[in-house]
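The values are calculated or read from the model by the stated rules, or taken from the named source; none is laboratory data. As the structure is a prediction and not an experimental result, all values here were calculated from the model. Backbone-built Cβ (ideal geometry, glycine too); neighbour counts: all protein chains shown. What goes into the accessible areas is simple: the full protein's heavy atoms, side chains included, and nothing from ligands, DNA or RNA. Shrake-Rupley method; radii C 1.70, N 1.55, O 1.52, S 1.80 Å.
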Amino acid sequence: MYKQSTTNRSENLMERRAFLEFLGVMGVGLGALGFNPLAFGTGNQQVFPSLRRSSEDRFRVAKGLHYKVLVRWGDVINHQGETFGINNDFTACLMDRPESLEGTLWVNHESPDQNLLHEGAHLKNRTMAQVVIEQKSVGGSLLKIRRTSPSAPWVVDTKSGTNRRLTGETSIPFEGGPIVGKSEARGTLGNCSGGVTPWGTILTCEENTDEYYGKAVFDPKTGKHHIDFKAATLSWSQFFPAPPEHYGWVVEVDPKTASAKKLVSLGRFAHEGALVTQASDGRIVVYMGDDSNDQCVYKFVSSRKDSLAEGTLWVADLKQGRWLALDVDKNPRLKEVFKVQSNMLTFSREAAAILGGTPLDRPEGIAQNPFNKAIYISLTNNIPKGRPFGSILKIDEKGKDPGAEEFQTSTFLVGGEEVGLACPDNIVFDPRGNLWITTDISGSSLNKPPYAPFGNNGLYVVPAGGPAAGRAHLIAAAPVGAELTGPSFSPDFKTLFLSVQHPGEAGSTGGAPSQIWSSNWPDGGKPKSAVVTVGGPLLESLTLGRPFP
């Protein structure tokens, strides 16, 4: 058995040297990474240009950064008149070369906001036309982006044939199905985070899907299930009946053709995202979190090096430091309940519970450290269990091999006032080992106890070198009610793409001809989710090691 270790530290993050060793950069050497020990500050001050926390209704960035709205909800994106969806989340920038002047940007659209979509309408008795509007607002957007020079701002090329939408109406086949007797599903929805494969396809993940068509409730004792329609608060099934089992999957999208397929092999649950990496033998490994209280972390290990169609889904048992295979043909306990693999994958949560997968505090963002190869997982919070501030879990695979069956765990960060952030959500490393963290305090809880000290949600960076190392620094702050999601870098690491999602959340009133919004970002009037591009000398200092003035 690979021995497990547990570290639980709530003071700041760690002492600086201990932090650097934990992050895995000490063996590389700060000089090799090009860090300037006086990069942040003048004289002997050595002050990192962090933002102050506030509840202002604007998007703010730290000194040394600038931003530009790239695309917002409702913007027309092509000649067909399709528009950019609502509540944008995960972003992924694909280019042939880092210095390219054009590329493809994928953006998720997580959920419809009925008050925004049907402003002034009474929502209790929606029409089919209104439901269709909601279906068209979710899914994802493919966009061609261009710049006139390496230093010029990115813009969306609305004349490009690349620009297309996948929505809640799009027919999408199952890879590994059929599911509930159907070979394809109506649409993709609940699209939260995602990933990118080595062959250049996008993984977009369906997360909170019960509100659309209901919840499929499985009884392991009888092997039977029923549909709980009380969970279907959006009531799409009133006009478009569909099995709830058709949703909650990872969807693979080919950005060249906009074709898509739902990957049954990766299991069905509230998928937050999909970190894609490779085992030592070249097989593809996908780490995934089930973003709900007391749910698990999974990984999928492919059978082939160029496909996610076949392989084994594993669930993490943190107590034993082992991955447990969700395979009915190799586990009699699963075989007795589910009979066939596709049925078991449809109810991955129940299968994980049978085997003893470890329940966690809403596992969300997952990132791999480029130096120590460890896997970091943000556990956003578990309010019913009295853990409102969240933490970040670290998994060290045996032999640093993502294909291993054993691992060690430790706690990298425990959220709270001492650390300076709460409710970590999306996380990503840049090539220099800096950790970027977005936070997800719910709109109804922002600036209220116990979250009052943190202000609005934001983007934080934990530098891996220099005097600012080992501390979380706020470098971008969201407008009222919003969260910052989907951080991704351009291949040259001079641009950070970032979603500003649901400004004004929990602050609008519906069902009346006039609306009063708690946010007016970005244009004044009705709030609109948008993707922004962030750049500047501070970003390049962090990601490229360039001196910061």
request  = About the Cα centre of the chain, how large is the charge dipole given +1 on each Lys and Arg Cβ and -1 on each Asp and Glu Cβ? Please answer in debye to the nearest 20.
outcome  = 380 debye
remark   = For Lys63, counting only lysines whose alpha-carbon sits under 22 Å away and dropping same-chain residues fewer than eight positions off, the answer is Lys494
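Please compute the length gained on full extension between Ala452 and Val217, using 0.36 nm multiplied by the number of residues separating them and subtracting their Cα-Cα distance.
Length difference between fully extended and current span is 80.9 nm.
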message = I'd like the distance separating the alpha-carbon centroids of segment 210-247 and segment 355-427, in whole Å.
response = 30 Å
key: Gyration tensor verdict on segment 393-549 (Cα atoms; rounded if a/c is under 1.5, prolate if a/b is larger than b/c, oblate otherwise)   = prolate
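Subtracting the Cα-Cα distance from 0.36 nm times the residue separation, let me have the gained length for Asp401 to Ala325 in nm, one decimal.
Gain in length upon complete extension: 25.7 nm.
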remark   = Heavy-atom accessible area per residue of segment 41-158, all protein chains kept, 1.4 Å probe, expressed in Å², is 47 Å²
request  = Leaving out ligands and nucleic acids, note down the accessible area per residue over segment 324-385 with a 1.4 angstrom probe, in whole Å².
outcome  = 38 Å²
inquiry  = Along the Cα→Cβ direction, 7 angstrom out, place labels at Gln278 and Ala129. What is the inter-label distance in nm?
reply    = 5.3 nm
request  = Can you check what the net charge comes to around Leu538, using other residues whose Cβ is under 15 Å from the Cβ of Leu538 (Lys, Arg +1; Asp, Glu -1)?
outcome  = +3
inquiry  = Return the equivalent ellipsoid semi-axes of segment 120-213 as a descending list in whole Å, where each equals the square root of 5 times an eigenvalue of the C-alpha gyration tensor.
reply    = 29, 21, 12
inquiry  = Semi-axes of the equivalent ellipsoid for segment 99-149, please: Cα gyration tensor eigenvalues, times 5, square-rooted, ordered largest first, whole Å.
reply    = 34, 10, 8
request  = Just read off the accessible area of Ile427 with the full protein assembly in place, 1.4 Å probe, to the nearest 10 Å².
outcome  = 10 Å²
inquiry  = Kirkwood Rh over alpha-carbon pairs of the chain, then Stokes-Einstein at 10 °C and 1.306 mPa s: what D in µm² s⁻¹, rounded to an integer?
reply    = 67 µm²/s
query = Hey, what's the per residue convex hull volume over the C-alpha atoms of segment 152-267, in cubic angstrom?
reply = 143 Å³
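If you take every DSSP beta bridge whose two residues both sit in the chain, what share of them, in percent to the nearest 5, is antiparallel?
100 percent
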note = Looks like segment 62-136, by Cα gyration tensor root eigenvalues a ≥ b ≥ c and the a/c under 1.5 rounded cutoff (else prolate when a/b is bigger than b/c, oblate otherwise), is prolate
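Determine the shape class of segment 202-360: with a ≥ b ≥ c the square roots of the Cα gyration tensor eigenvalues, call it rounded for a/c under 1.5, and otherwise prolate if a/b is greater than b/c, oblate otherwise.
In terms of gyration-tensor shape, oblate.
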message = Going Cα to Cα from Lys221, which lysines come in below 17 Å? Please leave out same-chain ones fewer than 8 positions away.
response = Lys335, Lys339
note = On the accessible surface of segment 178-236, probed at 1.4 Å with all protein chains in place, carbon and sulfur together account for a percent value of 53 percent
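Which links in Lys124/Lys224; Lys305/Lys394; Lys256/Lys299; Lys256/Lys528; Lys394/Lys526 stretch past 30 Å when you go from one Cα to the other? Intermediate results must be reported in sequence, preceding the final value.
Working: Lys124/Lys224 32 Å; Lys305/Lys394 26 Å; Lys256/Lys299 27 Å; Lys256/Lys528 28 Å; Lys394/Lys526 40 Å.
Correct reply: Lys124/Lys224; Lys394/Lys526.
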task = Give me the distance in nm between label points sitting 7 Å out from Cα along the Cα-to-Cβ direction at Lys305 and Ser235, one decimal.
result = 5.4 nm
request  = Work out, in µm²/s and without decimals, the Stokes-Einstein translational diffusion coefficient of segment 388-436 at 20 °C, 1.002 mPa s, Rh from Kirkwood over C-alpha pairs.
outcome  = 171 µm²/s
